[in-house]
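Below is one structure; the comments refer to it alone.
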Amino acid sequence: AAFTITKLSWLHRTHPDAWERLARVLLPHDELTRRLTGRYTTDRGDASGTGYWSPSTGEYRWDLLSIVDGERQWSDVLPIVLGPMDVAGEWDGALVAPGTGDNMAAALGVGLRPGDAVMSIGTSGTVYAVSATPTEDPNGAVAGFADATGRYLPLVCTSNAAKVTDAVRRLLDVDHVMFDDMALASEPGGPVLLPYFDGERTPNRPDARGTIGGIRTDVTRAQLARAAVDGVACGLLDGLDALRDLTTLDGRLVLVGGGAKSVAMQQVIAGLAGMPVVVSDVDEAVATGAAVQAAAVLEQVDHAEIQTRWGLGDGTAVSGVDGGDTRIRYAALRDA
């Protein structure tokens, strides 16, 4: 439902007067580029999130757009898709790079390497990797995006991440440090939390709500804190498993985002992920990635050269805590 094509279909079906006024379809960064350069352009990364541009062929899917509106001349509506090293135009004497989506920029900012995966823990969560070949998931769990370098970015997005631990932390009336201490003080084996508080997109359960299983009368506040951390971690690790089914992940798992600052989240994920876990040293991965792209386009050099020059890709290794059978019990509650 988050893809642009579904929003266009909704607008066409529900607001015909507005639809008649439609002249161009631009994503937010495309409109910023237009204001700077006067040109209607986009990039592979953001185009791949529309649902009507194919990363595998590098072409718009006119057949899908005709389902939305078979009468419209779509070639007059959509922006030109620029390549990774193309210049979008000029603004006040400065070259303007193509721009890209937030996850694509973050991949540049953290120096994501083939074989690595990124787990971004914000209000919602994403798990993604870079791939040399396009990916397709008939189950719909993994979105087959393009990245900002000419490669591909298979990605899983969950709706519930740090907002779940924040909600439980508020219920327990503790600060972030105390919440982490409580969660790590609790041994695995307590209650299980399914974190679909506000519905979930992966898996596709828009009307779901959070569920607690295995709760007993001797439940403790620390167990509830640990259940929240475990639940969010397991939901994201389900996404990591889906990525593993489509691409090789034999490197590191890189944690980014505000939720990745939680020591409890770091250590629980490290104990369950089955691969080395590091916390990225980059504070603002998306903004850093935008700077990498700008430097690469300005100098017309490979993005990896800029990343190496700037020392991107480093992180702090995390030691995991014992997760016991947490993932097995989580899966049982999820599937029930």
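Side notes on the structure shown:
- Positions within the range 204-229 being of a type in the set (Ser, Thr, Tyr) and either free of Cβ contacts under 8 Å to residues at least 60 places away in the same chain or open to solvent by less than 20 Å² (accessible area, probe 1.4 Å) (or both), in sequence order: 217, 220
- Selection count, the range 128-141, where residues are surrounded by 24 or more Cβ atoms within 10 Å (Cβ to Cβ) and either among the hydroxyl-bearing types (Ser, Thr, Tyr) or in a loop (DSSP other than H, G, I, E, B) (or both): 1
- The residues of the range 82-107 that are outside any loop (DSSP other than H, G, I, E, B) and either out of contact with any Asp or Glu (no Cβ under 7 Å at 6 or more places or on another chain) or open to solvent by 50 Å² or more (accessible area, probe 1.4 Å) (or both), listed by number, are 89, 90, 91, 94, 95, 102, 103, 105, 106.
- Checked across the range 108-121, the condition of being crowded, with 24+ Cβ neighbours inside 10 Å and part of a helix (DSSP H, G or I) holds for at least one residue.
- Wholly enclosed helices (runs of 4 or more DSSP H) of the range 232-336 bearing at least 2 residues on the phi > 0 side of the Ramachandran plot: none
- Considering the range 298-316, the residues that are surrounded by fewer than 22 Cβ atoms within 10 Å (Cβ to Cβ) and among the hydrophobic types (A, V, I, L, M, F, W, C) include one that is nearest to residue 87 (Cα to Cα), namely 298.
- Among the residues listed as 170, 201, the single one being closer than 30 Å to residue 44 by Cα and open to solvent by 70 Å² or more (accessible area, probe 1.4 Å): 201
- Number of residues in the range 145-166 that are more than 17 Å from residue 127 (Cβ to Cβ), touching a residue at least 60 places away in the same chain (Cβ under 8 Å) and open to solvent by 20 Å² or more (accessible area, probe 1.4 Å): the value is 2.
- Those residues of the range 29-72 which are without any contact (Cβ under 8 Å) to a residue 12 or more places away in the chain, open to solvent by 30 Å² or more (accessible area, probe 1.4 Å), in contact with a strand residue (DSSP E or B) (Cβ under 9 Å, 6 or more places away or on another chain) and not basic (Lys, Arg), in sequence order: 59
- Single residue of the range 230-272 satisfying the filter (surrounded by fewer than 23 Cβ atoms within 10 Å (Cβ to Cβ), among the hydrophobic types (A, V, I, L, M, F, W, C) and more than 27 Å from residue 287 (Cα to Cα)) that is farthest from the chain's Cα centre (by Cα): 246
The values are calculated or read from the model by the stated rules, or taken from the named source; none is laboratory data. Just so we're clear, the structure is a prediction, and the values are computed from it rather than from any experiment. All Cβ positions, even for glycine, are placed from backbone atoms using ideal geometry, and neighbour counts span all protein chains on display. All accessible areas refer to the heavy atoms of the entire protein, side chains included, with ligands and DNA or RNA removed. Shrake-Rupley method; radii C 1.70, N 1.55, O 1.52, S 1.80 Å.
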